Every structure is written in structure tokens, then in C-alpha cells.
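Here's the structure we're looking at; comments come further down.
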Amino acid sequence: MSQSNRPQPDSPDLTIGLVGCGVMGRGIAQIAALAGAQVRLTDAREGAATAARQELIATFAKLTEKGNLDQAAAANAAERLTACNGIEDLAGCHVVIEAIVEELGAKKSLFGTLEGIVAPDAILATNTSSLSVTAIAAGLKHPERVVGFHFFNPVPLMKIVEAIGGIMTAPEITDFMLALGKHWGHAAVRAKDTPGFIVNHAGRGYGTEGLRLLAEDVVTVPALDAILRDTAGFRLGPCELLDLTALDVSHPVMESIYHQYYEEPRFRPQGLTRQMLTAGLLGKKVGRGFYRYGADGKKESIPEDPPSTVRPASVWLSRERPQLAERIERLIVDTGVRLETGELPSDDALCIVTPLGDDATTCCVRDGLDGRRTVGVESLFDLSRRRVVMTTPATDESYREMARGLFGADGKAVSVIRDSAGLVTQRVVAHIVNIACEIAQQGIADPADIDRAVTLGLGYPIGPLAWGDELGSATVLTILTNLEEQTGDARYRSSPWLQRRALLGLSLHHKEI
């Protein structure tokens with residue numbers, strides 16, 4: 001396809017058509033106009049384009065008042081915005097971006113109409129978040145010029161855009177959109193046309209595994225969120241996040257990606273969110289979801305159990321995994337409680353094991369311990385804010401309280417969960433890393449782009465592949481192997497990308513020649 005009549009992404013002559021003036025469309029128009037492009041706005045709703053232009057001009061004024069934009073730049077950007085009378089006014093546009101309803105028929109119809117309006121070398125870009133770019137382009141006269149250009153709300157703040165080429169998309173079209181996204185101030189990453197692309201694909205690990213822990217009755221909702229915030233560094237727990245995004249949005253996406261991947265176990269949703277959706281418990285926007293919300297939008301406060309003041313007379317710490325034991329040994333010593341050094345515990349010692357993908361029961365039996373006096377402790381992740389204690393089905397209440405008192409002696413929070421292969425954080429993070437490895441294995445995106453897209457698009461504390469390298473790929477592989485063995489669930493089968501790099505001692509960012 002010739003590009004002779006299309007200005008370069010940084011040219012002031014580049015004209016962008018924007019179809020759909022909702023929040024997403026306005027956000028795209030804002031960054032395009034501020035970056036120097038001419039922007040023509042149109043919407044099927046009467047008066048919506050004019051209203052969007054006025055709202056954007058008001059936004060520029062607010063940015064100026066806050067000192068984030070000078071007056072000249074605001075005035076110039078406003079001049080570059082045009083409210084069109086109809087879709088026919090997009091005839092001279094070099095790129096048309098649609099941000100309309102997420103419905104395949106509507107997008108195909110729109111692009112079919114645009115083909116008879118725009119020039120032969122004009123690019124047709126879809127901001128779809130979950131539909132196939134190939135399917136949107138199918139049946140058009142020039143499917144090679146249709147490309148995905150997926151932004152995230154709010155567009156001016158979420159500095160990431162996915163450029164997705166369908167099966168028929170010409171490579172130079174995707175290249176142009178990557179350059180355009182970069183010129184507009186976003187990190188632009190290339191992705192294959194697969195369900196969820198990069199970000200929504202990678203995001204399947206967090207919420208679905210958190211929901212799986214709830215379904216197994218391992219942990220309560222507030223404890224699940226607190227553990228993942230405090231030990232792994234997530235900004236929001238999975239239930240808090242689902243309440244924020246709303247289940248009428250997030251649950252259909254979970255089901256859609258699961259079915260688009262032909263019931264891939266890694267993406268399996270849970271019945272709980274379907275029940276909540278049916279009951280209308282959508283989340284923050286209706287005042288109730290996993291939590292209740294006040295009229296001011298603030299989440300209900302759920303107090304944690306008061307600290308335990310009970311201490312064990314002595315503690316026996318399993319040395320099955322020395323590196324994990326060392327991470328909690330200092331915490332025990334600092335309490336002044338005697339740490340036993342014998343191969344076997346004394347008759348009344350609190351016994352502590354350090355699971356890695358397995359459960360406290362399995363560790364207890366391997367070490368020949370008394371299940372009534374045994375607890376597992378999360379020792380792979382951050383211990384500075386919260387400690388996680390996992391009981392066995394046999395753990396006596398008095399020893400559970402001793403463990404709470406021991407690990408909360410310095411004033412830090414302690415969460416107690418029921419026995420589970422992989423505790424909480426190990427399960428969730430290993431699942432996230434594994435899905436990212438499979439994205440790399442399938443060639444959906446380059447490893448560096450996977451990490452960049454996930455950190456910017458999902459706000460994770462670290463990219464999933466970098467996280468795997470930080471933990472150690474062999475460690476992640478061990479967690480997944482033990483999870484699959486103990487649960488019998490193919491959900492936890494490890495990606496070949498992870499297996500081979502763990503065996504060879506390579507970084508998860510390492511690409512084959």
C-alpha cells in the first residue's frame with residue numbers, strides 16, 4: 001500500500017478522524033491534538049461531536065490553570081479540533097480511529113462505510129479491547145489497512161497503546177501506528193491479533209487466581225486483598241480491582257477470553273462473579289460488590305482480628321528449604337522465643353514449615369511433624385508489612401494463636417489462611433508469570449514489550465517476566481509444578497518458555513535466535 005499521500009506521524013499536516021466521542025474517544029482526541037495533529041470529531045449522536053470539542057477545550061483550560069500546559073499550546077490544540085457534521089466530513093483524513101461500541105457488527109459496518117469515503121491509502125484503526133482485528137477487517141475491500149490501536153482509560157494518563165496487526169494488515173501500517181503512538185507520548189507496543197492482545201491477556205492471572213482462592217475457601221475477601229497488596233506490592237487487591245472496574249464489564253471479559261481460547265484452563269473464570277453479576281452486586285458504582293461503599297464512594301472499613309499476645313515456648317523451623325527458612329529465622333530470633341536446633345522438634349514446640357507451591361500438610365508429613373502444632377509461613381515475598389500464616393486441617397487453635405503472636409510481635413499485621421497449595425501470593429504471582437511466558441512463547445509480543453505493557457496498562461509493581469527473573473525461573477517452575485501435582489489442574493501447567501529457560505539458567509527475557 002502506497003504511503004505517498006500520508007504525512008509522517010509528527011507532521012502538522014496529519015489529519016486524524018475520530019469516530020465516537022465518549023470518554024475514550026475524547027481522550028484519544030486530546031493527546032492527538034496536543035501532539036500537533038489535526039483532529040476531526042464525529043459521532044452518531046446528534047450534537048455529541050460539538051459537545052466533545054467544547055469539553056476538550058475546557059480540559060485544555062484546566063491544564064493551563066494548573067500549570068501543566070501553556071496558553072499558546074492550549075490555543076493551538078483547540079484550533080486543531082473540528083466538530084464534523086457527519087461521517088462524510090472524514091473524507092480527507094489520513095487515519096481514522098473508531099472508539100464506538102464494542103460490537104463486531106457495528107465496527108464492521110462503520111469501516112465498510114468509511115471505505116467509500118476516505119482515500120485508498122487512509123488507515124482505518126480500531127480501538128477494540130477484545131474483538132479480533134482480523135474479524136473487523138474481514139470482507140472489506142482493503143483489509144490490509146485495518147489495524148488495532150488499543151488505548152486504556154483514562155487515555156492521557158495511561159501511557160500505553162497496543163498496535164495490533166490482523167492477519168491481513170500490511171506491516172508498514174502497524175509500523176506507522178507504532179510511530180504515531182510514540183509521537184503522541186505513549187509507549188507503543190506491537191501485538192499479534194489474539195484474544196486480549198497483551199494487557200488484557202496478561203491480566204487474566206491476577207483476578208482469576210484470586211477468585212480461585214476464594215472458591216476454595218482458603219482466604220476471606222479482605223485478607224486476600226491485604227495479602228496481595230502488602231506482600232507483593234499490588235496497588236489494589238483483586239476484589240478491590242473488580243469492584244472498581246465493575247463486574248458488568250470485567251466478568252464478560254473473563255468469560256470472553258476464556259471461550260476465545262477454547263476453554264483454556266489458565267483463564268477459567270469462577271462462578272462467584274457470575275452469581276454477583278446476576279444479583280446486581282457490580283461493585284463501587286452501585287454501592288456494593290465484594291465490599292460495601294458509602295454515598296461518598298469510600299469503601300467500608302473491615303477491622304482485622306486484634307493481635308494475639310500468646311507466644312510459644314519454643315519454635316522448630318524446618319530446614320527443608322534453607323533459603324526460605326533464613327528469611328524468617330531473624331524474625332523468630334528477634335522475638336526472644338527460643339529457636340530449637342535439633343533435627344526433630346520437642347514435644348510442645350510450634351513447628352513452622354516453608355511451602356513452595358505445596359501446602360502445609362504436605363510439608364508437615366514430609367518432615368514427620370505433628371499436624372496439630374504445625375503451620376506454614378509465606379517466606380518468599382515481602383515480610384516487612386504483613387506475615388501470612390497457613391494452618392493445616394489439624395492445627396490446634398492454641399498453636400495458631402501462638403503463630404499469630406510470634407509473627408505479630410513487632411506490630412506487623414498477620415493474616416491466617418487455610419491450607420492451600422502455594423499459599424496466596426505464590427499462587428497468584430506464579431500464575432501471572434506463567435501467562436506472560438506463554439504470551440512470549442506464542443510470539444504475541446516481545447518480552448520487553450510484555451513487561452512494559454503490563455506495568456503501564458495494569459499498574460503491576462514489576463513486569464511479569466522481570467518478576468520471574470527476580471524470583472528465579474526455577475523457583476517459579478517449582479511452584480507451578482507443585483501446584484499442578486497437588487491440584488491435578490492443568491491451569492497450572494508451566495509454559496515451555498519458562499521450562500526451557502529455567503533448565504538452561506536463562507533470563508525470561510532471553511529470545512531465541
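The values are calculated or read from the model by the stated rules, or taken from the named source; none is laboratory data. Predicted, not measured: the structure shown is a model, and the values here were computed from it. For neighbour counting, all protein chains shown are included, and Cβ atoms are generated from backbone atoms with ideal geometry for every residue, glycine included. Accessible surface is based on the protein model in full, side chains and every heavy atom, while ligands, DNA and RNA are left aside. Shrake-Rupley method; radii C 1.70, N 1.55, O 1.52, S 1.80 Å.
What the table below lists for this structure:
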{"read-out": "Filter result for G371 (over 35 Å from the mean Cα position of the chain (by Cα) and at pLDDT below 95)", "value": "no"}
{"read-out": "Whichever residue in the stretch 203-238 is in contact (Cβ under 8 Å) with a residue 60 or more places away in the chain and among the β-branched types (V, I, T) and, among such residues, is surrounded by the most Cβ atoms within 10 Å (Cβ to Cβ)", "value": "I227"}
{"read-out": "Single residue of D419, D410 found to be under 30 Å from L458 (Cα atoms), among the charged types (D, E, K, R), open to solvent by 30 Å² or more (accessible area, probe 1.4 Å) and touching a residue at least 12 places away in the same chain (Cβ under 8 Å)", "value": "D419"}
{"read-out": "Members of the stretch 262-293 found to be over 30 Å from N434 (Cα atoms) and buried (at least 19 other Cβ atoms within 10 Å of the Cβ), listed by number", "value": "K284"}
{"read-out": "Residue ID - modelled with the highest pLDDT, chosen from residues in the stretch 503-513 that are open to solvent by 70 Å² or more (accessible area, probe 1.4 Å) and under 19 Å from D449 (Cα atoms)", "value": "H510"}
{"read-out": "Hey, A440 small (G, A, S), more than 27 Å from L178 (Cα to Cα) and either surrounded by fewer than 22 Cβ atoms within 10 Å (Cβ to Cβ) or in contact with a Phe, Trp or Tyr (Cβ under 8 Å, 6 or more places away or on another chain) (or both) or not", "value": "no"}
{"read-out": "The stretch 67-96 residues that are in contact (Cβ under 8 Å) with a residue 24 or more places away in the chain and within 21 Å of V146 (Cα to Cα), paired with ones that are assigned to a loop (DSSP other than H, G, I, E, B) and open to solvent by 30 Å² or more (accessible area, probe 1.4 Å) (beta carbon under 7 Å, 6 or more apart)", "value": "I87/I117; E88/I117; L90/I117; A91/I117"}
{"read-out": "Long-range neighbours under 8 Å by Cβ, at least six apart or interchain, first residue of a type in the set (G, A, S) within the stretch 480-499, second surrounded by fewer than 16 Cβ atoms within 10 Å (Cβ to Cβ) and part of a helix (DSSP H, G or I)", "value": "A490/P265; S495/Q441"}
{"read-out": "Helices (runs of 4 or more DSSP H) lying entirely in the stretch 202-311 (those with 1 or more residues that are touching a strand residue (DSSP E or B) at 6+ places or on another chain (Cβ under 8 Å), among the acidic types (D, E) and under 21 Å from L380 (Cβ atoms))", "value": "221-232"}
{"read-out": "Checking Q426 against (1) more than 13 Å from S308 (Cβ to Cβ); (2) more than 24 Å from the chain's Cα centre (by Cα); (3) outside any loop (DSSP other than H, G, I, E, B), the condition it does not meet", "value": "(2)"}
{"read-out": "Test: R500 is open to solvent by 60 Å² or more (accessible area, probe 1.4 Å) and within 19 Å of the chain's Cα centre (by Cα)", "value": "no"}
{"read-out": "Every pair of residues 6+ apart whose Cβ atoms lie under 9 Å, when the first sits in the stretch 276-287 and is under 17 Å from A215 (Cβ atoms) while the second is open to solvent by less than 40 Å² (accessible area, probe 1.4 Å) and part of a loop (DSSP other than H, G, I, E, B)", "value": "M276/L282; M276/G289; M276/F290; L281/G289; L281/F290"}
{"read-out": "Positions within the stretch 145-185 being buried (at least 22 other Cβ atoms within 10 Å of the Cβ), more than 17 Å from the chain's Cα centre (by Cα) and part of a loop (DSSP other than H, G, I, E, B), in sequence order", "value": "G166, T169, W184"}
{"read-out": "Residue match in the stretch 158-172 (condition: without any contact (Cβ under 8 Å) to a residue 12 or more places away in the chain and at negative phi)", "value": "yes"}
{"read-out": "Inter-residue pairs, beta-carbon under 7 Å, first in contact (Cβ under 8 Å) with a residue 24 or more places away in the chain and in the stretch 239-256, second acidic (D, E) and surrounded by 21 or more Cβ atoms within 10 Å (Cβ to Cβ), 6+ apart", "value": "C239/D225; E240/D225"}
{"read-out": "Residue that is of a type outside the set (S, T, N, Q), under 21 Å from L236 (Cα atoms) and open to solvent by 10 Å² or more (accessible area, probe 1.4 Å), where the choices are Y399, Y460", "value": "Y460"}
{"read-out": "Top-ranked residue in the stretch 108-128 [being over 12 Å from T169 (Cα atoms) and in contact with a Phe, Trp or Tyr (Cβ under 8 Å, 6 or more places away or on another chain); ranked as least open to solvent (accessible area, probe 1.4 Å)]", "value": "T126"}
{"read-out": "Residue in the stretch 327-349 that is open to solvent by 40 Å² or more (accessible area, probe 1.4 Å), without any contact (Cβ under 8 Å) to a residue 60 or more places away in the chain and part of a strand (DSSP E or B) present", "value": "yes"}
{"read-out": "Complete set of residues in the stretch 376-401 that are among the aromatic types (F, W, Y) and touching a strand residue (DSSP E or B) at 6+ places or on another chain (Cβ under 7 Å)", "value": "Y399"}
